[in-house]
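K.L.:
What follows is a single structure, and I will ask about it in a moment.
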Amino acid sequence: MQDTRYMDAWIHVPLCKRGEKLYHYTTAEGVRGIVENREFMATKSDFLNDKLEFQYAVEVMERLTEKYIVNTSLRERFFSELKKEIDRLGIIAPVCEDYDCKEEGLSFYVVAFSKLQNNALLWAEFTDFKGYCLEFDYEKLVEGFQHRVFLHGTVIYDEEEQMNGLLESLLSCIRNLEKEVMTDLTGFFEEETEISDTSLEKLAEEMAVVVSVYAMFFKKSFFEGEEEYRFVFPPVINELGVAKPEFRLLDQIFLPYIMVEFDREQKEIPLESVMVGAKNNSDIAVRGMKYFLRSQGLELPVLLSDIPLRY
């Protein structure tokens, strides 16, 4: 049995295994953009189905400190320093009501995949059963995005797993800093302890980075049925600085996004099959997709979803 691979030694976000497939639910326009233009639409993080999800990791970290740091004064000092450093990094930013909000921080954009094919929840959420489910080879997807700075991993929904990951990172940070002669951190979890401001600030500084990365891959358990695997990208930088996002309309709402280009050096996009939504139950939808793919030089299986629906 193959061991679980993680993002790195400190960030225990699980990666896919060799040979695994990922599925992307999208509209006909989405299929065209991916196949013709070799581009994926990445949505701004605070415009996802849970607009507060990038801030959720801070809540989990606060609960962890309440559980494990028994010295009340130390707990308050540490979390205050941690929150200050997280705000300074700007990765986990408050949701702003105004476009010009000065506290918006860095923008991150997400392309969502799932480990589930032909899933009723995802069909309903992303396509109203009228769109398409695209099957991709995981490793080739990662290769195709290597020219862009990005992170990728399995979304974690279980709070116990989330807290365990953060706790392991906190312990690793403490051990590393103890080697830098910050020996007062040895008593970090004890009732009677004295931690210097210097040691506490350094620990908060390192943990702020950890929490900010985990924030991209923590979601509340309400969404666990999605089994999401996500790719997270920073904004596009050009000679003028950070490029402004584009906007698409969904149910009369403006949603900011960027286009993430797949590596042009790969001969073809790693699409392996297409499934047509159950409401698209005409033979024309299947035949039309086959004809479109063939026009792009792709001979792939095109299937029709067999999910029974009441119309």
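The values are calculated or read from the model by the stated rules, or taken from the named source; none is laboratory data. Owing to the predicted nature of the structure, the values given are computational and were not obtained by experimental measurement. Because the Cβ atoms are built from the backbone with ideal geometry, glycine has one as well, and the counts that use them run over all protein chains shown. We work out accessible area using only protein heavy atoms, side chains counted, and drop any ligands, DNA or RNA first. Shrake-Rupley method; radii C 1.70, N 1.55, O 1.52, S 1.80 Å.
K.L.:
If the requirement is being over 21 Å from the mean Cα position of the chain (by Cα) and among the acidic types (Asp, Glu), which of these qualifies: Glu224, Glu299, Glu246, Glu228?
P.N.:
Working: Glu224 fails: over 21 Å from the mean Cα position of the chain (by Cα); Glu246 fails: over 21 Å from the mean Cα position of the chain (by Cα); Glu228 fails: over 21 Å from the mean Cα position of the chain (by Cα).
It is Glu299.
K.L.:
Of all residues in region 188-216, count the ones that are over 11 Å from Leu82 (Cβ atoms), open to solvent by 10 Å² or more (accessible area, probe 1.4 Å) and of a type outside the set (Val, Ile, Thr).
P.N.:
Looking only at that region, the number is 8.
Table: residues versus (1) part of a strand (DSSP E or B); (2) without any contact (Cβ under 8 Å) to a residue 60 or more places away in the chain.
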site	(1), (2)
Val260	yes, no
Asp263	no, no
Ala278	no, no
Arg287	no, yes
Tyr291	no, yes
Leu300	no, yes
Leu303	yes, yes
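K.L.:
In region 217-249, what residues are at pLDDT 90 or above, open to solvent by 60 Å² or more (accessible area, probe 1.4 Å) and of a type in the set (A, V, I, L, M, F, W, C)?
P.N.:
Selection gives Phe222, Phe247.
K.L.:
Next question, about the same structure. Conditions: (1) more than 20 Å from Ile258 (Cβ to Cβ); (2) surrounded by 14 or more Cβ atoms within 10 Å (Cβ to Cβ); (3) modelled with pLDDT of 95 or more. Ser73 meets all but one. Number of the miss?
P.N.:
Only one criterion is unmet by Ser73, namely (2).
K.L.:
Go through region 273-293 and give me each residue that's in contact with a Phe, Trp or Tyr (Cβ under 8 Å, 6 or more places away or on another chain) and within 11 Å of Tyr132 (Cβ to Cβ).
P.N.:
If the condition is that a residue be in contact with a Phe, Trp or Tyr (Cβ under 8 Å, 6 or more places away or on another chain) and within 11 Å of Tyr132 (Cβ to Cβ), then Val274, Met275, Val276, Gly277, Asn280, Met289 are the ones that fit.
K.L.:
Here's something else I'd like to know. Please specify each residue of region 114-146 satisfying the condition of being open to solvent by less than 40 Å² (accessible area, probe 1.4 Å), out of contact with any helix residue (DSSP H, G or I) (no Cβ under 8 Å at 6 or more places or on another chain) and among the hydrophobic types (A, V, I, L, M, F, W, C).
P.N.:
Once the filter is applied, which keeps residues that are open to solvent by less than 40 Å² (accessible area, probe 1.4 Å), out of contact with any helix residue (DSSP H, G or I) (no Cβ under 8 Å at 6 or more places or on another chain) and among the hydrophobic types (A, V, I, L, M, F, W, C), region 114-146 yields Trp123, Phe136, Leu141, Val142, Phe145.
K.L.:
Let me ask you something else. In this structure, is Glu160 of a type outside the set (A, V, I, L, M), modelled with pLDDT of 95 or more, open to solvent by 90 Å² or more (accessible area, probe 1.4 Å) and more than 17 Å from Leu15 (Cβ to Cβ)? I'd like the intermediate steps shown before the answer.
P.N.:
Working: of a type outside the set (A, V, I, L, M): yes; modelled with pLDDT of 95 or more: yes; open to solvent by 90 Å² or more (accessible area, probe 1.4 Å): yes; more than 17 Å from Leu15 (Cβ to Cβ): yes.
It is true that Glu160 is of a type outside the set (A, V, I, L, M), modelled with pLDDT of 95 or more, open to solvent by 90 Å² or more (accessible area, probe 1.4 Å) and more than 17 Å from Leu15 (Cβ to Cβ).
K.L.:
Then there's this: Name the one entry in Gln252, Gln296 that is open to solvent by 30 Å² or more (accessible area, probe 1.4 Å) and at positive phi.
P.N.:
None of the others qualify; the one that does is Gln252.
K.L.:
Then there's this: If the requirement is being in a helix (DSSP H, G or I), in contact (Cβ under 8 Å) with a residue 60 or more places away in the chain and among the aromatic types (Phe, Trp, Tyr), which of these qualifies: Phe79, Phe54?
P.N.:
Result: Phe54 is the single residue among Phe79, Phe54 that is in a helix (DSSP H, G or I), in contact (Cβ under 8 Å) with a residue 60 or more places away in the chain and among the aromatic types (Phe, Trp, Tyr).
K.L.:
I need the full set of residues from region 11-37 which are surrounded by fewer than 18 Cβ atoms within 10 Å (Cβ to Cβ) and in a loop (DSSP other than H, G, I, E, B), in order please.
P.N.:
Passing the criteria: Leu15, Lys17, Arg18, Gly19, Glu20, Thr27.
K.L.:
Something else about it: Which of (1) more than 25 Å from Ile156 (Cα to Cα); (2) modelled with pLDDT under 85 does Pro94 not meet, given it meets every other one?
P.N.:
Here Pro94 meets the rest and fails (1).
K.L.:
Ok, one more. Can you list the helices (runs of 4 or more DSSP H) lying wholly within region 131-223 that have 2 or more residues being farther than 30 Å from Gly30 by Cα and small (Gly, Ala, Ser)?
P.N.:
Qualifying helices (runs of 4 or more DSSP H): 159-179, 197-215.
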